[in-house]
Amino acid sequence: MLKKRIIFCLLYKDGYFVQSRNFITNIIGDANWIVKNYNFINISNYIDELIILDISLKKKTNTFLKNVEMIVKRSFIPLTLGGGIKNLTLARAFLENMSDKILVNTALFENHEIISEISNRYGSQSIIAALDYKYEINKKIILKNNARIEVNNDFKKILKFVNNLDVGEILINSIDKDGTGQGLDIKILEKLPKLNKPLILSGGAGNYKHFIDILTSKKVSAISTSNLLNFVGNGLKDLRHGLQKNKIDLPSWD
Amino acid sequence: MKKPKITILDLGYGNFKSLINAFDYLNIKTYVTNNKKKISSSDMLCLPGVGAYKTGIDSLKDQGLFDVLREVVNIKKRKVLGICLGMQLLCSSSEEGNIREGLNFLNLKITKFKSKNLKIPHIGFNSVKNHNFSLLKNVKKNYFYFAHSYAAKKKPLKGINFIECEYGEKFIAGFEKNNVYGLQFHPEKSQSNGLKILENFYKI
């Protein structure tokens, strides 16, 4: 049986790792803080994958990649990098530096030709299409450019469009739930069109109970959480053990 | 005697850093090249791979590596390990892009996952069966990280040792035929279990 996945997501901004809440960020610490507080040799026993996103306004790719290397040097789990991928050059820089996958957001709408370019070269399994959405009165909207600009199209139509692109997985992130730790948006699962690619749900995960209902749904392959504060210390270990006790099919590494 | 090195074949996609990182951790020396002479004189080979089947085959052919690989593997009997697309390239053909000519060390055809309602690609950790597989010796857990849309479905001929996995249908997750080894999953991304596999390949 294919196992469910817990993905831990780190947000990098101008030299620091940050905590986001409804897309407003606060500095938590630098790479040394992460390495110290999230012992990555040990922590990879409790997560299945890692995503690291560069959300700096002015990107310094080499500095970002140095920070990434400090964190992943001794962990042998799948890695996704993302943030500002608009052309093949940055996609290559990521995929040729230990990243197995890249996460693409704005380019899905502005330059989706690069999706097939990347896919031809590295395979569609190397691309996660990520969508940020929020609820407005009577409707759901999707935003791009780090949730600053609304995509002018119907929610379902956008999802169908993305489902037909040459990507490997689809990640949907609730802006309303982002960083709240109050629970994931389970209602959204009934409002999605049929997707034939693995779906990753993100936004609002605070404790293991929030994961159970979502991971028992056949529609969801993985949950991503970027809540650094909720899962510090033994947080990720407790989360995994809590889920396994509740018969969620996750690999156990320890 | 000099410690043998693993030659990692550079197909031009630069996606071998994780593999080097894993071998580094195991204190195993690697050498990345697309040079025919270096490949021809290598101790053992590793063929990583991502992307489309055709891209991989074209890259091998354009660099003139097809014959060198056949010589090293068939005549010099050096060990070779193909990972993910690399494993598929060791087989005979693929439905992806309708490519008839693989390296053909094994007569296995690669086809797409077909069952309806199945999410494609097959991504994540999945378990494999058959523990007599030499690469799985002393490996504690039997699940590994997969990320692919095509796979070998038919069982290979008798005498070829293989491991199976299931995703909608059964498929070949790994094989060993004399000095030729293939893994559909990514050992370099499968935690300590995967590292043990890489170490086993080196020591066999």
If residue B:20 satisfies all but one of (1) in contact with a Ser or Thr (Cβ under 6 Å, 6 or more places away or on another chain); (2) part of a loop (DSSP other than H, G, I, E, B); (3) not aromatic (Phe, Trp, Tyr), what's the number of the condition it fails? (2)
Checking residue B:58 against (1) away from every other protein chain (no Cβ under 14 Å); (2) part of a helix (DSSP H, G or I), which single condition isn't satisfied? (1)
Has region A:75-90 got any residue that is over 26 Å from residue B:145 (Cα atoms) and among the hydroxyl-bearing types (Ser, Thr, Tyr)? yes
Among the residues in region A:111-119, are any within 24 Å of residue A:221 (Cβ to Cβ), within 18 Å of the chain's Cα centre (by Cα) and away from chain B (no Cβ under 14 Å)? no
Regarding residue B:42, is this residue over 24 Å from residue A:198 (Cβ atoms) and surrounded by 21 or more Cβ atoms within 10 Å (Cβ to Cβ)? yes
Being within 11 Å of chain A (Cβ to nearest Cβ) and not in a helix (DSSP H, G or I): is that true of residue B:27 here? no
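For every residue, the table says whether it meets (1) within 24 Å of residue B:119 (Cα to Cα); (2) more than 14 Å from every other protein chain (Cβ to nearest Cβ); (3) within 14 Å of the chain's Cα centre (by Cα).
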{"residue": "B:155", "(1), (2), (3)": "yes, yes, no"}
{"residue": "B:159", "(1), (2), (3)": "no, yes, no"}
{"residue": "B:164", "(1), (2), (3)": "yes, no, no"}
{"residue": "B:167", "(1), (2), (3)": "yes, no, no"}
{"residue": "B:171", "(1), (2), (3)": "yes, no, no"}
{"residue": "B:176", "(1), (2), (3)": "no, yes, yes"}
{"residue": "B:180", "(1), (2), (3)": "no, yes, yes"}
{"residue": "B:184", "(1), (2), (3)": "yes, no, yes"}
{"residue": "B:194", "(1), (2), (3)": "no, no, yes"}
Residue A:158: without any contact (Cβ under 8 Å) to a residue 24 or more places away in the chain, away from every other protein chain (no Cβ under 14 Å) and either of a type outside the set (A, V, I, L, M, F, W, C) or closer than 25 Å to residue A:205 by Cα (or both), yes or no? no
Looking only at residues in region A:1-36 that are surrounded by 14 or more Cβ atoms within 10 Å (Cβ to Cβ) and of a type in the set (S, T, N, Q), which one is farthest from residue A:222 (Cα to Cα)? A:25
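Which ranges mark the strands (runs of 3 or more DSSP E) fully within region A:74-159 that have 1 or more residues being under 20 Å from residue A:64 (Cβ atoms)?
Values: elements: A:79-82, A:101-104, A:127-136, A:139-144.
By residue number, A:79-82, A:101-104, A:127-136.
Identify all residues within region A:181-191 that are on the phi < 0 side of the Ramachandran plot and buried (at least 17 other Cβ atoms within 10 Å of the Cβ); write none if there are none.
Correct list: A:184, A:185, A:188, A:189.
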Based on what the data block shows, is residue A:103 surrounded by 21 or more Cβ atoms within 10 Å (Cβ to Cβ) and either within 14 Å of another protein chain (Cβ to nearest Cβ) or touching a residue at least 24 places away in the same chain (Cβ under 8 Å) (or both)? yes
Can you tell me how many residues within region B:114-142 are more than 8 Å from chain A (Cβ to nearest Cβ) and outside any loop (DSSP other than H, G, I, E, B)? 5
Residues that are within 14 Å of another protein chain (Cβ to nearest Cβ), aliphatic (A, V, I, L, M), out of contact with any Cys (no Cβ under 8 Å at 6 or more places or on another chain) and not in a helix (DSSP H, G or I), drawn from region A:5-56: A:6, A:7, A:47
The conditions are (1) of a type outside the set (A, V, I, L, M, F, W, C); (2) out of contact with any helix residue (DSSP H, G or I) (no Cβ under 7 Å at 6 or more places or on another chain); (3) buried (at least 19 other Cβ atoms within 10 Å of the Cβ), and residue A:122 fails exactly one of them. Which is it? (2)
In region B:149-167, what residues are surrounded by fewer than 15 Cβ atoms within 10 Å (Cβ to Cβ) and either touching an Asp or Glu at 6+ places or on another chain (Cβ under 9 Å) or of a type outside the set (D, E, K, R) (or both)? B:155, B:157, B:159
Residues satisfying the stated conditions in region A:67-89, i.e. over 20 Å from residue A:7 (Cα atoms), within 14 Å of another protein chain (Cβ to nearest Cβ) and not β-branched (Val, Ile, Thr): A:88
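Return the residue satisfying two criteria in turn: it lies in region A:241-254 and is in a loop (DSSP other than H, G, I, E, B) and touching a helix residue (DSSP H, G or I) at 6+ places or on another chain (Cβ under 7 Å), and of such residues it is nearest to residue A:33 (Cα to Cα). Can you show your working first?
Initial filter on region A:241-254 (in a loop (DSSP other than H, G, I, E, B)): A:246-254.
Next cut, touching a helix residue (DSSP H, G or I) at 6+ places or on another chain (Cβ under 7 Å) only: A:246, A:248, A:250, A:252-253.
Working: A:246: 32, A:248: 31, A:250: 28, A:252: 26, A:253: 24 Å.
Among those residues, the one meeting the criterion is A:253.
Any read-out appearing in this document is the output of simple, stated calculations on the displayed coordinates, not a laboratory observation. Keep in mind the model is a prediction, meaning the values are calculated, not measured. When we count neighbours, we look across all protein chains shown, and the Cβ atoms used for this are built from the backbone with ideal geometry, even at glycine.
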